[in-house]
Amino acid sequence: MGALAGVASGIQESARAAGAVVVEMHPDAGPAIARAAQLMHRVDFTATYLALGQGLDPAVSRHVTELRDRLGR
């Protein structure tokens with residue numbers, strides 16, 4: 001399993017453990033950097049939008065801390 005696949009699996013496990021529905025997204029065709037940027041933009045925008053809508057600070061999350069610990073960073 002590659003490094004990115006391990007990160008993706010960790011994120012999915014954390015999300016499912018928190019009771020979230022996991023939806024896989026696939027980028028449009030194009031250069032690798034454009035595909036990565038497209039996915040990061042969608043995720044970041046969605047996470048920020050949902051957090052603010054719930055009155056939460058998107059920069060503070062036990063799930064982010066948990067993932068950071070899991071990845072050893």
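Brief remarks on what is shown
- Loop-located GluC sites (Glu not before Pro) in the chain whose Cβ has at most 13 other Cβ within 10 Å (DSSP): Glu24
- Accessible surface of Val23 - all protein chains present, 1.4 Å probe, nearest 10 Å²: 110 Å²
- For the chain, adding -39500 (n - 2.57) for each run of n ≥ 4 DSSP H residues and dividing by the number of residues yields -21500 deg cm²/dmol at 222 nm.
- Convex hull projection area averaged over all views, the range 25-73, Cα basis, nm²: 4.4 nm²
- Spread over its residues, the convex hull of the C-alpha atoms of the range 1-54 is 93 Å³ per residue.
- Note on the chain: with a GNM built from Cα contacts shorter than 10 Å, the maximum mean-square fluctuation among Ala17, Ala47, Ala32 falls on Ala32.
- Relative protection proxy for 4-10, 51-57, from highest mean packing down: 4-10, 51-57 (other beta-carbon atoms within 10 angstrom).
The values are calculated or read from the model by the stated rules, or taken from the named source; none is laboratory data. As the structure is a prediction and not an experimental result, all values here were calculated from the model. Ideal geometry is used to build each Cβ from the backbone, glycine not excepted, and the neighbour counts take in all protein chains shown. Remember, those area values only see protein heavy atoms, side chains included, never the ligands or the DNA or RNA. Shrake-Rupley method; radii C 1.70, N 1.55, O 1.52, S 1.80 Å.
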